[in-house]
Amino acid sequence: MIPAFVAKMGPVCSAPMDHATTGMTLSITVEAQNIVDAITVLDAEGYMLEDVMASDLQEGFEITYHFSLLDGINRLVVRALVPHEAPRLPSISAVYPGADWHERECYDFYGIDFAGHPNLYNLLLPENFGSHPLVKPEKARKSLADLMPLGYLVDCGLAEPEAEKPKPAKVVKAATTEDA
Amino acid sequence: MQAFDPKTLAQDPTSVRFEPGPTEDKLILSMGPQHPSTHGVLRILLELDGEYIVRAEPVLGYVHRMHEWMGQEKTYFQFMPNMGRVDYLHAMAWNWAYAGSVERLAGIEVPERAEYIRVAVTELNRISSHLLWWGAYLLDLGAFTPIMYAFDDREFLLDILQAVTGSRLTYSYFTFGGVYNDVPEDFPKRCLDFVKLLRSRLPMYRDLVTDNVILRGRCEGIGEMDVELARRYGATGPVLRGSGAAVDTRRAEPYSVYPRFDFPIPSYPQGDAMARYMVRMDELETSCSIIEQAVSTMPGGPIAAKAPKTLKPPKGEACYAVEGARGKILVHVRSDGGPKPYRVKLRAPGFSNLSVFAELARGTLLADAVSILGSLDLVIPEIDR
């Protein structure tokens with residue numbers, strides 16, 4: 001089930017996930033420039049920021065914020081996509097001070113610019129390192145369609161439910177969520 | 001510790017932004033990376049007013065090894081030994097977090113006996129981690145003897161784990177779908193003997209150390225934090241439980257066979273260094289109890305599921321959270337269907353716990369900052385990854 005507060009976050013799309021197979025219960029994609037508003041909603045709900053992870057995809061850098069309440073099975077991820085050229089999105093460290101170092105780590109490894117960050121310097125790498133080691137070469141990049149299961153792509157409007165007939169179980173599940 | 005001349009500091013690239021304050025008697029102090037209480041490889045830039053800390057900024061990266069890059073370059077199996085080297089004191093929990101996330105991704109079922117073995121060795125490892133923390137923390141506070149006692153007990157424990165895994169520190173014992181080797185026949189007996197030994201020692205530790213008025217003076221009311229601060233910084237584990245929230249991943253997000261065991265979750269509401277100390281001392285007993293239950297009810301059967309030699313999980317992503325000795329370990333793996341992970345993200349609990357330090361240390365005495373640092377139980381290789 002998608003909780004009510006998700007609507008307040010202004011999601012581009014939201015996809016329920018199966019905790020038994022993914023360890024997450026919900027994925028919410030938001031526009032990069034709205035990230036602070038979306039995360040303020042989660043702060044009010046009492047969520048704890050676990051981690052900030054960036055990945056290099058064909059579509060751009062995907063920044064994934066892991067959240068969970070202190071207790072219970074309720075991990076949700078908030079995703080935002082920024083382009084490869086001039087990757088930039090607002091910093092959430094004013095809402096969650098713990099994000100400060102996580103964002104500096106993303107800056108280290110991917111060169112993502114977190115606007116409004118109080119202290120955006122290298123954290124783990126030396127300042128004269130000169131490159132961003134986790135940025136993949138153009139050829140090695142995969143698109144979301146290559147990385148995510150069909151159910152997620154359907155929920156996010158990136159694929160048609162009927163596109164892949166050989167996996168009937170997932171298609172049926174995806175179709176019911178769309179109807180609901 | 002060496003006081004730095006501001007002019008020399010200005011030439012140091014990491015310190016350019018840390019200029020001395022407006023008054024003359026402000027002092028910039030670079031604590032570490034060689035300071036004993038930073039355990040070798042953490043540097044903290046401190047701005048001092050007399051003996052009081054105005055500002056503290058940890059400088060990381062001295063043992064950064066880029067595990068996440070290695071994760072993308074190695075196959076799923078080849079990356080496993082790295083997990084013993086992320087947090088060398090609680091290697092089993094990292095083994096578990098990575099194995100667990102890949103098992104979720106590939107849909108591998110773990111046989112029951114393997115789950116019990118995993119629980120037993122992880123709890124043994126947690127005790128060894130807590131014992132080492134205990135000795136080292138007291139060493140930081142100026143008590144030299146306890147670390148000798150701690151290492152004495154820890155030796156028996158390492159012998160047991162060596163017989164099981166073949167190594168004494170950087171374990172790489174888990175495999176996808178189970179564990180590498182079955183435990184030796186005398187494993188349950190040795191575990192129970194060890195539990196008995198540790199239980200006979202814990203009252204002595206309490207009398208000699210925990211109830212010691214000097215220790216209490218160094219810990220009580222030092223570095224106070226509440227649940228809200230812990231939440232906003234993402235602090236977990238004994239640091240969170242020392243702030244009054246009885247939250248443990250083994251209960252909150254149950255994994256493996258933990259729901260079958262009966263164990264309390266110690267928590268203390270004071271939120272100071274002493275509360276974090278007490279949580280860890282109580283957890284020694286908690287782990288003993290879990291080990292007892294696990295080895296006495298351990299079923300027979302296979303120790304590992306049949307996983308293919310070259311593992312190619314279907315495309316998708318999975319994360320797995322484990323309660324480590326320092327807090328919630330989270331490993332997130334993304335797969336594109338190939339033999340190597342597309343992305344591996346390691347969430348180190350110490351990383352978030354240390355990020356609270358700047359907040360806790362502000363306004364305290366320099367000597368208390370050492371106490372706060374120790375009470376966070378930092379393992380720098382885990383923070384730097």
**Fill in**
Of the residues in the range B:105-145 that are in contact with a Leu (Cβ under 9 Å, 6 or more places away or on another chain) and free of Cβ contacts under 8 Å to residues at least 24 places away in the same chain, the one that is surrounded by the fewest Cβ atoms within 10 Å (Cβ to Cβ) is B:144
**Request:** Would you confirm whether any residue within the range B:289-304 is in a loop (DSSP other than H, G, I, E, B), touching a strand residue (DSSP E or B) at 6+ places or on another chain (Cβ under 7 Å) and aliphatic (A, V, I, L, M)?
**Result:** yes
**Asked** How many residues, within the range B:245-274, are part of a helix (DSSP H, G or I) and not aliphatic (A, V, I, L, M)?
**Response** 6
**Fill in**
residue B:260 passes all but one of the listed conditions (1) farther than 19 Å from residue B:99 by Cβ; (2) more than 14 Å from chain A (Cβ to nearest Cβ); (3) surrounded by fewer than 19 Cβ atoms within 10 Å (Cβ to Cβ); (4) modelled with pLDDT under 90; the exception is number (4)
**Request:** Kindly indicate which of A:36, A:41 is in contact with a helix residue (DSSP H, G or I) (Cβ under 7 Å, 6 or more places away or on another chain), in a helix (DSSP H, G or I) and more than 14 Å from chain B (Cβ to nearest Cβ).
**Result:** A:41
**Fill in**
Only one of (1) more than 28 Å from the chain's Cα centre (by Cα); (2) modelled with pLDDT of 80 or more; (3) not in a strand (DSSP E or B) does not apply to residue B:28, and that is (3)
**Fill in**
Out of (1) out of contact with any Leu (no Cβ under 9 Å at 6 or more places or on another chain); (2) more than 9 Å from chain B (Cβ to nearest Cβ); (3) surrounded by fewer than 20 Cβ atoms within 10 Å (Cβ to Cβ), the one residue A:87 does not meet is (3)
**Prompt:** Take the residues of the range B:315-334 that are within 9 Å of chain A (Cβ to nearest Cβ) and in contact with a Gly (Cβ under 6 Å, 6 or more places away or on another chain): which is farthest from residue B:255 (Cα to Cα)?
**Reply:** B:315
**Prompt:** Considering only residues of the range A:109-132 that are within 11 Å of another protein chain (Cβ to nearest Cβ) and polar (S, T, N, Q), which is surrounded by the fewest Cβ atoms within 10 Å (Cβ to Cβ)?
**Reply:** A:128
**Asked** residue A:25 is checked against (1) out of contact with any helix residue (DSSP H, G or I) (no Cβ under 7 Å at 6 or more places or on another chain); (2) touching a residue at least 40 places away in the same chain (Cβ under 8 Å) and fails just one. What number does that condition carry?
**Response** (1)
**Message:** Within the range B:41-97, considering only helices (runs of 4 or more DSSP H) that don't extend past its boundaries, which have at least 1 residues that are surrounded by fewer than 17 Cβ atoms within 10 Å (Cβ to Cβ) and not polar (S, T, N, Q)?
**Reply:** B:67-73, B:76-79
**Request:** Go through the range B:207-238 residue by residue and tally those that are part of a helix (DSSP H, G or I) and farther than 30 Å from residue B:117 by Cα.
**Result:** 18
**Request:** Could you please find all residues in the range A:44-73 being in a strand (DSSP E or B), more than 10 Å from every other protein chain (Cβ to nearest Cβ) and surrounded by fewer than 22 Cβ atoms within 10 Å (Cβ to Cβ)?
**Result:** A:60
**Asked** Going through the range A:1-28 one residue at a time, which ones are surrounded by 14 or more Cβ atoms within 10 Å (Cβ to Cβ), outside any loop (DSSP other than H, G, I, E, B) and more than 14 Å from chain B (Cβ to nearest Cβ)?
**Response** A:6, A:8, A:11, A:12, A:13, A:14, A:16, A:28
**Asked** Can you tell me which residues in the range B:159-180 are in contact with a Leu (Cβ under 8 Å, 6 or more places away or on another chain) and assigned to a helix (DSSP H, G or I)?
**Response** B:160, B:161
**Complete:** Over the range B:346-375, the set of residues within 14 Å of chain A (Cβ to nearest Cβ) and closer than 18 Å to residue B:90 by Cα is B:346, B:347, B:348, B:349, B:350, B:351, B:352, B:353, B:354
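The values are calculated or read from the model by the stated rules, or taken from the named source; none is laboratory data. Just so you know, these numbers come straight off a predicted model, no measurement behind them. For neighbour counting, all protein chains shown are included, and Cβ atoms are generated from backbone atoms with ideal geometry for every residue, glycine included.
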